[in-house]
Amino acid sequence: TKVSSSVSIPSGKGQYRQMKDGDNFNFNGMQLKCMGPYKVDNNGEDNEDSLNFLITFGEVKMFMTGDFVHKEVLNSYREELTNVDVYQMAHHGLKVSNFSGSPDVLPTLNPDIILVPANSNKPANELFAKLGINAAVYNNSNGNIIITTDGSSIDVPTRK
C-alpha cells in the first residue's frame, strides 16, 4: 500500500499509522475500526480507496465514511453497522445511488443523526423521504458540526 508523500508528522508530536480493513485502534474507551476498502486498487489516490470508520464509545456508534463505501463493507460488517447513532454520508451525500444511499444501506444503518458533507440536503432528503428515514440531518449550511458524547447521549452543537 502506498503512503502519500504529503503525510508529515512533526517530530515528537504523534505517530503515523496506516490502517486497513479490519484494523482496530483503541484509545481511552473509544474504539476506531477501519471498515474498508476491502482492497485498494488505485494506490489510495481515488474515491474508491476511501477509508471508512466505525467509532464506538460506550453505547454510541458513529459510522464515518470517505468519498466512497463498497457494498462489501455492509455485507462484511452488517451486524456492527446495524442501528448506528450517527452516519456521515459518503461523497457529500450527492451520489445517493452508491453505497451511501442504496435502499439496503439506510434501513440497515437506521441512524438517528445523518451528516451530509455538502451545502444542500436535496438529493439526500429525497432519498430519506422515499425510504421513510426519520433522522436529524445536518449539512455544511449548519456551520461547523461538533458531535459530543458521554457514551450514552449525543449532543450536536453547531457553530457558524
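Some observations on this one:
- Within segment 128-142, restricting attention to residues that are in contact with a Ser or Thr (Cβ under 9 Å, 6 or more places away or on another chain) and closer than 27 Å to Glu59 by Cβ, the residue that is modelled with the highest pLDDT is Tyr138.
- Taken as a whole, segment 36-50 holds no residue that is modelled with pLDDT of 90 or more, surrounded by 12 or more Cβ atoms within 10 Å (Cβ to Cβ) and touching a Leu at 6+ places or on another chain (Cβ under 9 Å).
- Contacts under 6 angstrom Cβ, first residue in segment 58-82 being without any contact (Cβ under 8 Å) to a residue 60 or more places away in the chain, partner open to solvent by 40 Å² or more (accessible area, probe 1.4 Å) and among the charged types (D, E, K, R), 6 or more apart: Phe68/Glu48
- Filtering segment 110-136 to residues that are among the aliphatic types (A, V, I, L, M), surrounded by 12 or more Cβ atoms within 10 Å (Cβ to Cβ) and assigned to a helix (DSSP H, G or I) leaves Ala124, Leu127, Leu131.
- Selected residue (only one of Pro107, Pro103 is at pLDDT below 90, within 24 Å of Asp155 (Cα to Cα) and exposed (fewer than 13 other Cβ atoms within 10 Å of the Cβ)): Pro107
- Test: Asn139 is loosely packed, with under 11 Cβ neighbours inside 10 Å and either in contact with a strand residue (DSSP E or B) (Cβ under 9 Å, 6 or more places away or on another chain) or over 18 Å from Leu74 (Cα atoms) (or both): no
The values are calculated or read from the model by the stated rules, or taken from the named source; none is laboratory data. Here the structure is a predicted model, which is why all the values come from computation and not from measurement. Counting neighbours? That spans all protein chains shown, and the Cβs are built from the backbone with ideal geometry, glycine included. Side chains are part of the model used for accessible areas, which takes the heavy atoms of the whole protein and leaves out ligands, DNA and RNA. Shrake-Rupley method; radii C 1.70, N 1.55, O 1.52, S 1.80 Å.
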